[in-house]
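The block underneath contains the structure these notes are about, expressed in structure tokens.
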Amino acid sequence: MAGIYIHIPFCRHKCSYCDFTSFPDKIEFAEAYMACLYKELKMRGEELKNYEFDTVYFGGGTPSYIPPKLILGAMNQIRQCFRLTKDAEITLELNPGTIGESKVETYEKAGINRFSIGLQTAIDEQLADLGRIHNARDYVYATKLLQGKNFSTDIMLGLKNQTKEDVRKTVELATLCGSSHISMYALTVEDGTPIFTDYLNGELPDSDEVAELYEYGRTLLEERGFKRYEISNFAKPGFESRHNLNYWKRGEYIGVGVSASSFMQGKRFTNTFNLDEYMKCIISGHYPAVTCEEVEEADAKFEYVMLALRTTKGLSLNAYQKQFGKPIAEDFPNALKKSVQYLQLDGDNIRIKDEYLYVQNSILMAFMEEETLFGK
Ligand code: SF4
């Protein structure tokens with residue numbers, strides 16, 4: 001099974017930390033952009049006739065900002081051009097500042113059965129600092145519209161002046177409002193974004209402080225029945241994100257739209273990040289991919305390990321051997337030896353012990369170093 005990712009690059013306002021491909025001043029291009037996206041779906045669908053897809057994910061940008069009929073159009077086109085399973089998980093990212101009753105009705109008609117809401121924090125001053133267009137009340141309103149539906153909430157850690165009490169209020173709001181899934185991740189500060197000044201001025205919590213907030217948030221979530229299944233993802237039983245699980249299993253996916261990446265048939269390719277170029281390519285009947293590379297075996301092995309070890313289930317020894325024809329112990333003997341105190345063997349699976357999962361980067365370094373020795 002494979003996934004479909006659709007990129008909607010329009011936002012009402014650019015957030016201070018945003019490094020995604022999103023355009024705050026181009027909503028007038030939404031209809032023309034989506035007409036191109038429908039065409040790309042058709043082109044890709046013809047190529048991938050033998051594939052069955054069981055997840056669709058509308059990300060961005062802000063998919064809930066564009067007229068909802070365009071989402072309905074995209075879903076109708078996907079159903080016409082791809083083999084989509086009956087019980088496919090279909091997720092739409094939603095910004096609480098851009099939602100209303102009639103939009104939700106159209107999403108329902110489109111078959112959207114999962115929503116991902118960007119709350120980030122329940123503290124309005126922090127939302128304003130991040131340049132978000134919503135406040136906590138907008139989030140409550142959005143979740144009221146989604147009552148009885150399956151939705152996830154994003155929570156961000158490492159914000160200016162963020163305390164444990166703020167994390168508690170945020171977790172409480174997200175869980176009391178009915179989320180079945182929570183993504184709790186640390187703010188990533190990218191050079192070239194306005195928030196970088198706060199970082200340079202030492203106004204953001206350091207990594208130890210963020211790790212403390214994370215541990216606190218994790219405890220609160222677990223007390224409320226959310227089980228961690230990946231470093232940043234927690235779900236009520238049965239509500240894990242199938243689309244993301246496919247990424248962590250190194251499954252195949254096709255990405256459609258400006259800047260979207262794909263991984264199909266051993267190749268990774270990424271579409272242009274330029275909106276005009278994307279539309280011109282599609283109109284002239286060409287694929288808009290600007291990079292395409294065959295993944296070498298050594299990289300594939302490292303990717304497989306890195307992604308599997310992000311999850312609490314870890315890496316299946318049998319699945320690894322089946323995929324690469326060799327046991328992992330033959331490929332990464334030194335990394336396994338170096339990391340032995342951080343790893344745990346559960347039947348056929350090796351996984352990072354719970355207490356080390358959040359600091360897994362240092363563990364993965366050992367695997368990365370060994371990967372670079374392959375083929376030498
Ligand atoms: S809503 Fe998301 S994509 Fe849009 S500007 Fe903010 S962070 Fe970027």
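The values are calculated or read from the model by the stated rules, or taken from the named source; none is laboratory data. Note that the structure is predicted; figures quoted are calculated from it, not measured. With ideal geometry, Cβ positions are generated from the backbone for all residues, glycine too; neighbour counts draw on all protein chains shown.
Here are the numbers for the structure shown:
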read-out: Residue that is nearest to V256 (Cα to Cα), among those in region 8-36 that are out of contact with any strand residue (DSSP E or B) (no Cβ under 9 Å at 6 or more places or on another chain) and not in a loop (DSSP other than H, G, I, E, B); value: C36
read-out: Qualifying residue in region 308-317 (condition: assigned to a helix (DSSP H, G or I), within 24 Å of K227 (Cβ to Cβ) and at pLDDT 95 or above); value: yes
read-out: Any pair with Cβ under 8 angstrom, 6 or more apart, that starts in region 140-154 at a residue that is not assigned by TED's automatic domain parsing to the domain that holds T91 and ends at one that is modelled with pLDDT under 95; value: none
read-out: Every pair of residues 6+ apart whose Cβ atoms lie under 6 Å, when the first sits in region 2-17 and is under 20 Å from T188 (Cα atoms) while the second is hydroxyl-bearing (S, T, Y); value: P9/T21; P9/S22; C11/S22; C11/T62; Y17/T193
read-out: Test: residue in region 86-97 that is assigned to a strand (DSSP E or B), among the β-branched types (V, I, T), surrounded by 19 or more Cβ atoms within 10 Å (Cβ to Cβ) and in contact with a helix residue (DSSP H, G or I) (Cβ under 8 Å, 6 or more places away or on another chain); value: yes
read-out: All positions within region 262-280 that are part of a loop (DSSP other than H, G, I, E, B), over 19 Å from F10 (Cβ atoms) and in contact (Cβ under 8 Å) with a residue 24 or more places away in the chain; value: G266
read-out: Members of region 16-36 that are surrounded by fewer than 21 Cβ atoms within 10 Å (Cβ to Cβ) and either at positive phi or within 10 Å of the ligand (Cβ to nearest atom) (or both); value: S16, C18, D19, F20, T21, F23, P24
read-out: Residue in region 37-59 that is within 16 Å of the ligand (Cβ to nearest atom), buried (at least 17 other Cβ atoms within 10 Å of the Cβ), at positive phi and not in a helix (DSSP H, G or I) present; value: no
read-out: The listed residue being of a type in the set (F, W, Y), touching a strand residue (DSSP E or B) at 6+ places or on another chain (Cβ under 7 Å) and in a strand (DSSP E or B), out of Y107, Y5; value: Y5
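Residue-wise test of (1) over 28 Å from Y185 (Cβ atoms); (2) touching a residue at least 12 places away in the same chain (Cβ under 8 Å); (3) in contact with an Asp or Glu (Cβ under 6 Å, 6 or more places away or on another chain); (4) charged (D, E, K, R).
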position	(1), (2), (3), (4)
G59	no, yes, yes, no
S64	no, yes, no, no
C81	yes, yes, no, no
K86	yes, no, no, yes
E93	no, yes, no, yes
K103	no, yes, no, yes
Y107	no, yes, no, no
F115	no, yes, no, no
L127	no, no, no, no
